[in-house]
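A short write-up of the structure that comes next.
The values are calculated or read from the model by the stated rules, or taken from the named source; none is laboratory data. Keep in mind that what you see is a predicted model, and the values were worked out from it rather than measured. So basically every Cβ, Gly included, is an ideal-geometry build from the backbone, and we count neighbours across all protein chains shown. What goes into the accessible areas is simple: the full protein's heavy atoms, side chains included, and nothing from ligands, DNA or RNA. Shrake-Rupley method; radii C 1.70, N 1.55, O 1.52, S 1.80 Å.
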Amino acid sequence: MSFSYSKKEKLKSQKLIEQLFSEGKSISAYPLRMVYLKTEFDKEDVQFKTGISVSKRNFKKAVDRNRIKRLLREAYRLNKSAHFNNILSSYALMILYIGKDGTDFDSVDIKMKELLTTFSKRVS
């Protein structure tokens, strides 16, 4: 698995996102939370589709939300290949930042590793 986070790996389907939140399971490593659902993607050869979200309630300014989303995407991009190599099924994932204060890359990276490790243990 490569260190990329391409367009076809992004979760964009509104129908799939609604299904994910209604039927999906959740794991948490504060300040991150992941909702996941085992699913099949029709025409794409991708194993995981991932979405990133930061609450507007906790971060009023778009600048702050966008910065945290950038940090989350980068941490996911760097760590996914180490944790997802042995998983054979396809999953839809949504990673949420549920903290109330800002953060830096090092703490996000540590928590992302924790979250992905928990996820890979749970689905294996």
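Using the Kirkwood radius over C-alpha pairs as Rh, can you work out the diffusion coefficient of segment 47-108 via Stokes-Einstein at 37 °C, viscosity 0.692 mPa s, in µm² per second? Provide the component values of the computation, followed by the final result.
Numbers: Rh = 12.7 Å.
For the chosen part, D equals 258 µm²/s.
Accessible area per residue for the chain in Å², computed with a 1.4 Å probe and the full protein assembly in place, what is it? Intermediate values should be presented prior to the final figure.
Details: 7340 Å² over 124 residues.
Each residue of the chain exposes 59 Å² on average to a 1.4 Å probe.
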Q.
Can you give the Rg/Rh ratio of segment 1-109, where Rg is from the C-alpha atoms and Rh is the Kirkwood radius?
A. 0.95
Q. Under 5 Å between amide H atoms, partner at least 5 residues away or on a different chain: which partners does Ile98 have, H built in plane at 1.01 Å?
A. Leu32, Arg33
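Excluding Phe21 itself, calculate the net charge of residues whose Cβ lies under 12 Å from the Cβ of Phe21, where each Lys or Arg counts +1 and each Asp or Glu counts -1.
On the way: positive: Lys15, Lys25, Arg33; negative: Glu18, Glu23.
Charge balance in the 12 Å sphere: +1.
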Q. Around Asp109, with a cut-off of 15 angstrom between Cβ atoms, what is the net charge of the other residues, counting Lys and Arg +1 and Asp and Glu -1?
A. +4
**Q.** Carbon plus sulfur fraction of accessible area for the chain, probe 1.4 Å, in percent
**A.** 49 percent
